[in-house]
Structure formats: structure tokens, C-alpha cells
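Here's the structure, in C-alpha cells; my notes come after.
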Amino acid sequence: MTADRLDHSLAISLFGTDQPVPGRTVLSAGPLAATWEAGALRNIRYGGIEIVRGIAFLSRDESWGNIPVEIANVHVVQEEARFHLSCDLAFLGGLQRLAGTVDIAGSSKGSLTFSVSAAAETDFATNRTGFTILHPLKHMVGQTVDVTHTDGTLTRQTIPERISPGQPIFDIRSLTHDLGSGLRVAIQMEGAKFEMEDHRNWMDASFKTYAGSLLDPWPYVIVQGERVTQSVIVTVTGNPPASAVPSDRPELTVSLGDRAGVLPDLGTAMPRDPPADHSRFVGQLKHANPAYLVMRMDGRQFDLDRQAADLSTVARTTDTPLHLEMILSATNTADRELEELAIALGRHDIIPAAVVVTQAHDMSSFQPGDPRPAGPRYMEMATAARRAFPGIPIGGGMVAFFTELNRLPVPHGVFDFVTHAVCPAVHASDDQSLMENLEAAKWIFASARAMIGSTPYHLGPSWISSRVNPYGAAVSPNPTDERICLAESDPRQRGIFGASWALGLVAAATEAGLDAVALASLAGPQGLAIGRDDRKPPEHPSAEATPAFHVLRGLAAQGSRHSITTTISDPGAIAGLGIETPAGPELWLANLTAEERDVHVDPWHGPAVLHELDHARYSDALRLDFLDSPGRKVDNAARLRLAPYATARLSPAAE
């Protein structure tokens, strides 16, 4: 499933779009292998062991957006003991242009060099232009790294397990660390100074070493005629054991263990702006039956009474508890602003089940240690919220991402619960990266738990697209259904892919012991349901729901039940969530890859009923009542085959 363009119906069912994906070329020389895709190398392996997640030469504009790059004249030579790739590249940012050449060479002896030489054909303004190296988490988190700095000094540093809000290593010339299995990798960078950031902050499953420094002024200008020349040299020493070379597609094992923690409350959001006829979604809301709905009162806008009236249209049509995010404008005291919000809600008889309070400046990103504008702090907002909404649980933290919470930690005991959101598409938006990034969720949850202690932990509305953009004026519109970062909507939300990703997130949150998870939104750009007037998938004009809707519905129905410890032989390939039910264990599985995967469930005794969200059943998955269908009875549920990106629910069959 790596062709440039899939069959139209298959592409729509999997991804919600037939936008072609970039072609891939596998480069190999003996035990060394890498994949060339869209001008970058990814998944660089030696003897089957991933040594580098990715190397790319990138240019960021003055708003930190990626400047588009054109790749041309690609020439590849493959021999048994070496490979070589060369091409031209050009960055086109408005009227400015930077162009040059790429040279990549790999050897079976364990060396790889990636070089770029490019010249500015006009003055070229940029926040950062140069190499980015992504290091996989498996061989970095908690490990010791030997660092050579640009002045030649040597230091030995330990990569933190808890996510670092700032850069863990500065002024880098080379990094050397163990890979296990007797292997060691050295990565040398030439042509600029480099520094490292903890990419897990943004739900990226990597550490990132990049050219330049955030301590230096940006943006800067590469003047016309100036040349940028950089290289990354990767050298592996040691011999990988024969067992390190994997088979093409080994059977995966899912082991069900003992009773674990209670499932988190599973909620969703409902947009208020622009005003919508929420009555269109009453049927979908009843089917989904989430534990709560997240909605918003925005004090930065002056129409508080209209906002409250919009909220009341929802409150009148459902008994679902409302969790209200309240964003203060930071132009008055927290007491005054929250009093005005409470009065507006009171006029419409709205009593929230919980309140999350934040302020306008905390909707934007700040570097660690940077001064912040004047505005109410956590304690002031919590105290004022308790006065305005007595007896109602008050939450705090961030409406935006974990990054911002990590840079402005919540002190213990201030809030009744702490919240933040996640988005897997802050830095990369391709299919593989979004699934890989689920690995970062467990580190985010563990780091947040270390911060907040035993305070209840809620994950705010999170999805492939995003409701917020702390790094720009707004999220990106996406009218042409492309795969783009920090988009208002993403086509994969409407496909089988979205259901698989959603299960992966909820499974990670359950394992980490979160108390509540808000998944996406019921309606609007992040909507799991499809209203009468919403855009429908092609060839499916009667669609009522996305495949991911059934993940929300199916798991919300199991609220307050215990999960079952679920151990997976390759958690990067499939996600799993076991649940105790009166009839026996229920198991949800999601294939996180673009290939069919064989799964062995141990133990599973007796027949089962299988509901599958996959390409073959895409039309059925667009109905609200998909989970009410009889499903498929399987006599041997211990062995399953999951289609690409498929999600499956395995339930005990009635005797």
C-alpha cells in the first residue's frame, strides 16, 4: 500500500480522500536500509534495528510553517554493498527561492552520509533552514548520550524519561549512543551548530536534533548568493545479531492478563461557533451516549449572552453533562470575568457539570523562561471560578497541548482536575507519522501524571485535526481535503484510518489511568457524526457517522467497567484494549499499519462475535447503528487477520 495513488474507493474508505501519497524508494546496502520519501530519509535501519527515525533538510517560514520544497532529477544507484542518491531541490516561499543539490551515500559497512548544498537565488527569510534528525524513542529515553560540542568539548548526558519542557542538549556537533544488541551509532553534523528538543511535547514519537538554535534571533535572512552547505554522517559500529533481522510480517501476539483500572469516562466536544442547529445531531448524540460534552464560553468575545443562548440549545435537547471551557480575556480580574460568565449562563438556566478555566495568553505558545503578558495565574483563576460556580468541579491547565502545560506546570492542589489536549499532526501529517506518534502518548501521560500527582487527569478534546493552534493565528483551513499539519479538519477522520487512530489514543489513555478522555467532536470540522447538511463521503450520500463514531459509542457504553491488562508483541503495529464485561472479556484491536496483520489472541476460549471496521465494511460503518448489527460469528477467535488500518471489536458469543 505504498503506491502513489490507490484505487479511488479504497482511498476514500481508508483516508477520506484520494489525494495521492508520496512515492517511496527503499535504499539498501547489505544490513543498511532506508526509505526515501518526499525528499527525506526515514526509518534508517541496520540489521533491522531502527537507528534513526528520519533525516530531512527543511526550511521554515516566519510563522514556523514548512516552506514547500520541489524535488527533481532523482538519480539512484543500488549495488550490493552501497547505494547512492542524488537530486535537485528548491524551496519556494512566495517570491523567494533557495535551490541546490542533494547527495546521499550508504555503505553496507554501516555508514550513511546525507549532504545538501543550496544557494539563495533571492534574499531568503526563514526561521530555520537546515537538517532535522529524528531519533526513535526506544534507544533514547533514559539512555546516556556522548555529546561532542562545536568547540570540541565532550559531555555525557542522560536523555530524560520525563518530557523536558526545554532543549535537553545545546551546541551539538555529534551524538553517540548505544542501540542495544551490541550496536552503537554516531551521528555527526556539519555546517551549523545543532541543538536537541524533546519532540514528545507535541506528541511526536522522537527526539529532534535540528540546525541552528532557538536562542539565536529569528527570523533571519540568507542573503542572495549566500550558500548553505550541511551534512549529516551516520556511522554504526558492531554486528547486529541474526535475530535482529525481522521477517516481513510476523504474527502479532495479544495477551490478555488480569483486571486493571477502570475505563476513563469517554466524552466528546460540541462546537458552538459558528452557531449550528444542534437538533440535527440529537439522534447521533443519543446513539453515542458520551459521558459528557465539552463546550466553550469565550470571554475574548463580547457576545456572552448569545454564546449562553447557543449552549442552552444543547442543554435543552440532552441530559448529557456539560463540561464548559471558559477562556478569560485577561483584560480584567478573574473574579470580574467569571462573574460575568456565570451571570450569562444563569440567564439561560445552564448549570455545567464541570468548568475548565484558562485565559487568553495561555492559548499561545511561549518558550521556556520567556516573559508572559500580564494576566490571571492558575491560583487566581481557580479561586475566582469556585466563587462563581460553587460546588462545581473546577479544572485547569491548558485547552491547548501538553507542550504548553509542560512549560507552565500546574501546582498541586489548585484544581479539582487538570487537562490538556493532544494532536499528532503538529510537525508531520503523513499517515505513517500519525500512527507512529501514538507511541508518544504514554510519555505525555506519564509526564503529566508526575507533574500533577494524584489530581484527576482529563484529556481535552483531541483528534487528528485540531481546535487550537498555539503557534499561529488559527488552525489551517483544509477545503481540498489534504494531509496538512494543524488543520481545522482532516479527511482521515472520515475514514477507517481515523477509527484505528482513535482506538490507539483511548487505549494509551486507559493504560495510563486517565480519568476522562474527550475524543474529537460530535459535529463540526472535527465531527464524528455526519449531519444532514454536512459534506458526505463520495458515493455515500446517506452517511450518518464516521467509522470513529463507533469507537466512541462502543467504548462509552462500557463506562465504569474495568479494563484488562493487554500486552502486545509489537505495540507500534497494533493497539489493543481489553474490557471486563458480564459475558466475558471484550477486546478492541486496531491495525496501525498499511498492511494486513495476523494476530494471535492469548487466551481466548470459544467462539466470538466480530465487528470489523475495514474497507470491505465501510458502507456499513457509515450507519449510526453499525454496532447493533449481528456481527460475524467466528469459531476460532484466537487467530484473526486485520485488514490495513482496520479496527475490530471481539465480543463473547452467546451460548
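Farthest toward the positive end of the dipole of the chain, out of M363, L256, A508, is the Cα of L256, where the dipole comes from beta carbon charges about the Cα centre. Only Cα sites of the chain enter the Debye sum here, all with the same form factor; the resulting log10 I(q)/I(0) across q = 0.06, 0.09 1/Å is -0.34, -0.78, listed in q order. Region 68-128 and region 442-517 have Cα centres lying 33 Å from one another. Helices in the chain that qualify as membrane-span-like (whole DSSP H runs, Cα extent of at least 18 Å along the helix axis, mean Kyte-Doolittle hydropathy of 0.0 or higher) are 439-452, 496-511. Assuming charge only on the beta carbon of Lys and Arg (+1) and of Asp and Glu (-1), the dipole of the chain about its Cα centre is about 600 debye to the nearest 20. Loop-resident trypsin sites (Lys or Arg not before Pro) (DSSP state other than H, G, I, E or B) in region 313-357 with no more than 14 further Cβ atoms inside 10 Å of their Cβ: R316. Between F302 and Q367, the distance separating the two model label sites (each 7 Å from Cα on the Cα→Cβ line) works out to 3.6 nm.
With a cap of 12 neighbouring Cβ atoms within 10 Å, and only residues DSSP puts in a loop, list the GluC sites (Glu not before Pro) found in region 70-136. Passing both the DSSP loop test and the Cβ count: E79, E80.
Put simply, the Cα atoms of region 497-655 extend 46, 34, 32 Å along their principal axes, the longest span coming first. Here the calculated FRET efficiency for D598 and S619, from their Cβ-Cβ distance with R0 = 30 Å, stands at 0.75, rounded to the nearest 0.05.
In terms of the mean number of neighbouring beta-carbon atoms within 10 Å, the peptides 48-61, 502-515 order highest first as 502-515, 48-61.
Tell me, rounded to the nearest percent, the portion of alpha carbon pairs in region 8-244 spaced more than 31 Å apart. Summing the P(r) tail past 31 Å for region 8-244 gives 25 percent.
Estimated from the Cβ-Cβ distance and a Förster radius of 45 angstrom, the FRET efficiency linking D319 and E251 is about 0.50.
Would you mind calculating the gained length between A450 and W64 on full extension (0.36 nm times residue separation, minus the Cα-Cα distance), in nm to one decimal?
Gain on stretching A450 to W64: 135.9 nm.
Taking the Cα centre of region 8-244 as reference, the dipole from Cβ charges on Lys and Arg (+1) and Asp and Glu (-1) amounts to some 600 debye.
Between L10 and V74, the FRET efficiency from the beta-carbon distance, with R0 = 30 Å, is close to 0.65. Only helical runs count toward this figure. For the chain, summing -39,500 (n - 2.57) over DSSP H runs of n ≥ 4 and dividing by all residues gives -5000 deg cm²/dmol at 222 nm. Across region 147-290, Cα-Cα distances exceeding 23 Å account for 65% of all pairs.
How long is the gain from A81 to H348 if the chain were fully straight, where each residue apart is worth 0.36 nm and the alpha carbon distance is subtracted?
So the chain would gain 88.7 nm between A81 and H348.
Couplings 3J(HN,Hα) of region 209-214, computed from phi: 9, 9, 5, x, 8, 6 Hz, in residue order, whole Hz [Karplus 6.51 cos²θ - 1.76 cosθ + 1.60, θ = phi - 60°; x for Gly and Pro].
Using only alpha carbons, region 1-130 has a radius of gyration to Kirkwood radius ratio (Rg to Rh) of 1.02. Database remark: amide H of A543 closer than 5 angstrom to no amide H (H placed geometrically; neighbours at sequence offset of 5 or more, or on other chains; Pro and chain starts carry no H). DSSP assigns beta bridges within the chain; of those with both partners inside it, close to 80 percent run antiparallel. P(r) tail for region 288-349, what percent of Cα pairs lie past 14 Å? That fraction is 56 percent. Shape summary of region 262-414, radius of gyration then Dmax from alpha carbon positions: 15.8, 48 Å.
Cross-link list K138/K208; K286/K633; K138/K442: which exceed 22 angstrom alpha carbon to alpha carbon?
Result: K286/K633 exceed 22 Å.
Rule-based calculations on the coordinates, nothing more; no lab input. In this text the structure is predicted, and so the values were computed from the model without any measurement. Virtual Cβ from ideal backbone geometry, glycine too; neighbours counted across all protein chains shown.
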